[in-house]
Amino acid sequence: MRSRTPDRLCAEAVDLARQAVVESVGESVVGAHLKANADADRLVTHTFECLDPAYRGWHWAVTVARAPRAKNVTLDEVALLPGADAVLAPQWVPWSERLLPGDLGPGDLLPTDADDLRLEPGWTGEDEPAPNSALVEAAEDDLVITDADIQSPPARAEIGAVADELGLGRPRVLSRMGLHQAAERWETAYGPQTPMAQSAPASCNTCGFLVPIGGSLGQAFGVCGNEFGPADGQVVSFAYGCGAHSEAAVLPAPPVPSELILDETVVEPLHIHPDRTSGSVEPDAPAEELGHS
Ligand code: SF4
């Protein structure tokens, strides 16, 4: 944009501008005159250094004006404005953008926008005409009905019951984008790239503790039901895994004790004096005389 040439009389009214700002804030915080900018015809803003240590990088802006064909310059306004290196408060961010997972506490309510991209309209049955409504009858009038077609149509209540069972019947459901974002979060927390999965002996899709879930996300995710696993009650990727995998370690079988051998009923001859002949021992001698092992 082309810069204007400041009105001469307004540009020369530095003393008027300084007097105005000194009257407003006191002399001690008003420094040197920095510049004069033309805001419009006969409208000029004078800038003075701000000496207040609490406002480093800020400056005083005093705007003066002059009416057409008038010789006297008048005061318009005095303001304190930030410069390029002024210390400013962080830009305000709406709460909905500041919110992080885990911020929601008991009793908190988290509304969703009507146009939340993570959600899309679900099937509630409200758009369906009632079984005996004029719309249905009009549609039936246009039909050529054969014997094969004659069967009682399902009532709306029956359709609603089936829809409820299938998880329909809600005003909004997860959109494709919402599904994708959920899958990405779950994959990050309990996916194949986590250190736990990298060192797991096998993945969740072969684990007996994996509880299947429905819907399209059920093709890649389930819920871990292992109390001792790191993801008990969490949605885990099929490719996740941990050391508590149901087939990871088979406990060794307990040792089977050997059969008891009782040999005290058999008499074993013991030769105390091997140089004597074996005939010196009577086979029928009592056990106390023979000795036994
Ligand atoms: S116990 Fe481990 S391997 Fe099994 S489902 Fe849970 S996280 Fe997956």
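The values are calculated or read from the model by the stated rules, or taken from the named source; none is laboratory data. As the structure is a prediction and not an experimental result, all values here were calculated from the model. Cβ sites come from the backbone with ideal geometry, for glycine too, and all protein chains shown count toward neighbours.
Mind listing just one residue for me: the one in region 234-260 that is more than 7 Å from the ligand (Cβ to nearest atom) and surrounded by 12 or more Cβ atoms within 10 Å (Cβ to Cβ) and, of those, modelled with the lowest pLDDT? Looking at the filtered set, the residue picked out is Ala248. Residue pairs, Cβ under 6 Å, 6 or more apart or interchain, first in region 181-192 and more than 10 Å from Phe221 (Cα to Cα), second of a type outside the set (A, V, I, L, M, F, W, C) and within 15 Å of the ligand (Cβ to nearest atom). List them. Pairs that qualify, where the first residue is more than 10 Å from Phe221 (Cα to Cα) and the partner is of a type outside the set (A, V, I, L, M, F, W, C) and within 15 Å of the ligand (Cβ to nearest atom): there are none. Any chance region 178-188 includes a residue that's more than 29 Å from Thr112 (Cα to Cα) and not in a loop (DSSP other than H, G, I, E, B)? The answer is no, given that none of the residues of region 178-188 is more than 29 Å from Thr112 (Cα to Cα) and not in a loop (DSSP other than H, G, I, E, B).
Of Val64, Val29, Val44, which residue is under 50 Å from the mean Cα position of the chain (by Cα) and β-branched (Val, Ile, Thr)? Testing whether each residue is under 50 Å from the mean Cα position of the chain (by Cα) and β-branched (Val, Ile, Thr) leaves just Val29. Look at region 212-230 and say how many of its residues are within 9 Å of the ligand (Cβ to nearest atom) and surrounded by 13 or more Cβ atoms within 10 Å (Cβ to Cβ). Residues in region 212-230 being within 9 Å of the ligand (Cβ to nearest atom) and surrounded by 13 or more Cβ atoms within 10 Å (Cβ to Cβ): 7 in total.
When the criteria are applied in full, Pro192 fails the requirement of being within 30 Å of Asp113 (Cα to Cα) and in contact with a Ser or Thr (Cβ under 9 Å, 6 or more places away or on another chain). Within region 94-101, does at least one residue satisfy the condition of being of a type in the set (S, T, N, Q) and over 30 Å from Ala189 (Cβ atoms)? No, region 94-101 contains no residue that is of a type in the set (S, T, N, Q) and over 30 Å from Ala189 (Cβ atoms).
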